[in-house]
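Shown next, in C-alpha cells, is the structure this report addresses.
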Amino acid sequence: MARKKRPLRFKIFVLIFICLIFIGGIKAIELVQKFFCDSVLDFQKLAVIDYDTDKNLIVHPLKKDIIVYNKNKLKAFNLEGIEKWDIEKEIKNPFLKSSEDIIFLGDREKGSITAVNLQGSVIWDFSIEKPIREFVCNKEGISAFYTEENGKSKIYILNIDGKEEGKIIVNKGSIMGIAISDNNMIAISVLNIDNNKIETNVALYSNKGKLLGGHKYDKEPQIVSNLFFSEDHRLMNVGDSQLMVFSKEDRVLWSEDIPDSINRIAWNKKGFIVMYLVDNKKSILDTKNRNYLSIIDIEGKKMEPIPIQGEVLGIDSKGDNIVAFTDRTLYMILETGKKLMEKKVNNDIQSVYIISDNQLVLVLKDKLEIIQVKYKER
C-alpha cells in the first residue's frame, strides 16, 4: 500500500512549531542562566556531628564554634566537629541566645537563665520562678526578658553579671515583641484592643526602665510582632502589612507597605530584613510566582523580589549573604540579592545557619553537617 504524503502546509506547521520550541528553549535557558548568574552551588563536607533525635534540640553558631543543646546537655563543637566542652542541664522548654562572649541557656517554664562563657564555665545563674515569654540580649551581654501575671507584664533588664538593672511594668495590653540595642535601649510593642479597635504602641526605654519615647499605631492599625535595631540604633518595626523605621531620636524616617502575607523573617545585623512573602492571590499550584523573598535595608532600599519554588521553611542571614530552604532545597543569595543559587539535598532539612561567607551548618534529621560552600561557573 502506497504511503500517504503529508500536505506541504502540515510540514510547514511542524517546522514552525519546532523553531518556536527551539527559540523558546534558548530564551528559557538564557533566563535561567541570568537568574542564577552563570554559577552553580556545590558543597564540601567538613565535619559531621551526630545527635539523638530530641524535640528540644537547639543549634546556635557562635563565632567559630557550634553550640548545641540536646538531651539535657549544652555542648560546644569546633568546625572540625570536635567537642570542646559540655555542661549537663535538664530543661523542659529551653531557649538559647548569645552575646559576643556569653551563651544564655534558659528554661521558659521555670523562669531560669544560666550564663556560660566561651570556655564552658557557668558565670552566673538567675531565676525569676515565673514563665519567661521572650528573652533578648545585645552583643555586650545586657539582656531583657518579660513575664506575665494577673493581666500585667513585667520586663526585667539584667546587666552582664546577671544582676537586675531595671524593670518596666506594662499594665495594659499584650507584649507582641521586644528588642535591645547595642547602646542598651529597650523597645517593646504592646497590642491593645479597645471597643473592637486594634491599637499598637511601640515604646523605647533606657536600660534603667525610663521611658524615652514611642509611637502609637491607631490611625493605621498594625499588629507589630517584630522589632529590630540596626548597628546605629535605628529601630525597624515589622507590622502585619507595613514596615516603619525610627531614628534613635524617636523620629519616623520612612514606612513601606508590605504587599503580601509574611510567613518568615530574618534580620541581618548589617541593617536589612529578609521576608518570605506569599501572594495569596495567585494559585496554590503556582509556587514559583506565589512564594518569594523580599529584601529591604534600613534606608528603605528594596531589592528585586526573589521567586522561590516551594514553601520556605527557614531563613538565616549573615554578612552580605542569605540562606533559605524548603524541604530538600537550599537557596543561597549572595551580595544582598545580586546572585541566587540552589542546591538539592538528599535529606529532609530541619534548619540551616550561616557561620561565615562560605560555611554553613546544615541540620538534618539525626546529624549536623558543617559545609564548605563552593561556587562554580557554568
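The values are calculated or read from the model by the stated rules, or taken from the named source; none is laboratory data. Every value quoted in this text rests on a predicted model; they were computed, and no experiment measured them. Cβ placement follows ideal geometry from the backbone for every residue including glycine, while neighbour counts extend to all protein chains displayed. The area values use the complete protein model at the heavy-atom level, side chains included, leaving out ligands, DNA and RNA. Shrake-Rupley method; radii C 1.70, N 1.55, O 1.52, S 1.80 Å.
Summary of computed values
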{"read-out": "Cα-centre dipole for the stretch 201-256 with unit charges at Cβ (Lys and Arg positive, Asp and Glu negative), debye to 20", "value": "280"}
{"read-out": "Under 12 Å, Cβ to Cβ, from Glu109 - net charge with Lys/Arg +1 and Asp/Glu -1", "value": "+2"}
{"read-out": "Amide proton proximity set for Ile223, modelled H, under 5 Å, gap of 5+", "value": "Asp240, Ser241"}
{"read-out": "Surface share of carbon and sulfur [accessible, 1.4 angstrom probe, percent] for the chain", "value": "49"}
{"read-out": "The stretch 67-81 and the stretch 133-157: distance between their alpha carbon centers, rounded to Å", "value": "26"}
{"read-out": "Listed residues Ile193, Asn280, Leu57: farthest to the positive end of the dipole of the chain (Cβ charges)", "value": "Asn280"}
{"read-out": "Length gained when the stretch Lys84-Glu304 is fully extended (0.36 nm per residue, less Cα-Cα span)", "value": "74.9 nm"}
{"read-out": "Globularity index of the stretch 260-326, i.e. its alpha-carbon radius of gyration over 2.2 N^0.38 Å", "value": "1.08"}
{"read-out": "Candidates Val274, Val345, Val48: whichever shows maximal mean-square fluctuation once the chain is modelled as a Gaussian network with Cα springs under 10 Å", "value": "Val345"}
{"read-out": "5 Å binning of all Cα-Cα separations within the stretch 164-301, expressed as whole percents from 0 upward", "value": "2, 10, 19, 21, 19, 14, 8, 5, 2, 1, 0"}
{"read-out": "The stretch 342-355 - phi-based ³J(HN,Hα) in whole Hz, Karplus 6.51/-1.76/1.60, Gly and Pro as x", "value": "10, 9, 6, 10, 8, 6, 6, 7, 8, 7, 9, 9, 8, 8"}
{"read-out": "Label point 7 Å beyond Cα of Asn280 along Cβ direction - residues of the stretch 249-271 with amide nitrogen under 16 Å", "value": "258-264"}
{"read-out": "Fluctuation leader among Ser283, Ser241, Ser127 - the chain, Gaussian network, Cα springs under 10 angstrom", "value": "Ser283"}
{"read-out": "Size-normalised alpha-carbon gyration radius of the stretch 99-140, reference 2.2 N^0.38 Å", "value": "1.16"}
{"read-out": "Distant-in-sequence amide H partners of Glu134 (H built 1.01 Å from N, under 5 Å)", "value": "Tyr146"}
{"read-out": "Rounded accessible area of Tyr292 (nearest 10 Å², 1.4 Å probe)", "value": "30"}
{"read-out": "Cleavage-rule hits (trypsin sites (Lys or Arg not before Pro)) in the stretch 154-225: DSSP loop, at most 14 neighbouring Cβ within 10 angstrom", "value": "Lys163, Lys172, Lys208, Lys210, Lys219"}
{"read-out": "The chain - accessible surface per residue (Å², probe 1.4 Å)", "value": "53"}
{"read-out": "J(HN,Hα) series, the stretch 92-108, from Karplus relation 6.51 cos²θ - 1.76 cosθ + 1.60, nearest Hz, glycine and proline x", "value": "7, 9, x, 9, 9, 9, 8, 9, 5, 10, 10, 9, 10, 10, x, 10, 4"}
{"read-out": "Normalised convex hull volume, the chain, alpha-carbon set, Å³ per residue", "value": "202"}
{"read-out": "Dipole of the chain, positive direction: furthest Cα of Ile82, Thr329, Tyr205, with charges on the beta-carbon", "value": "Thr329"}
{"read-out": "Exposure ranking of Lys344, Lys97 by accessible area [1.4 Å probe, largest first]", "value": "Lys344, Lys97"}
{"read-out": "Environment charge of Lys75, counting only residues whose C-beta is closer than 13 Å and scoring Lys/Arg +1, Asp/Glu -1", "value": "-3"}
{"read-out": "About the Cα centre, charge dipole magnitude for the chain (Lys/Arg +1, Asp/Glu -1 at Cβ), debye", "value": "2100"}
{"read-out": "For the stretch 300-362 and the stretch 95-124, distance of Cα centres in Å", "value": "28"}
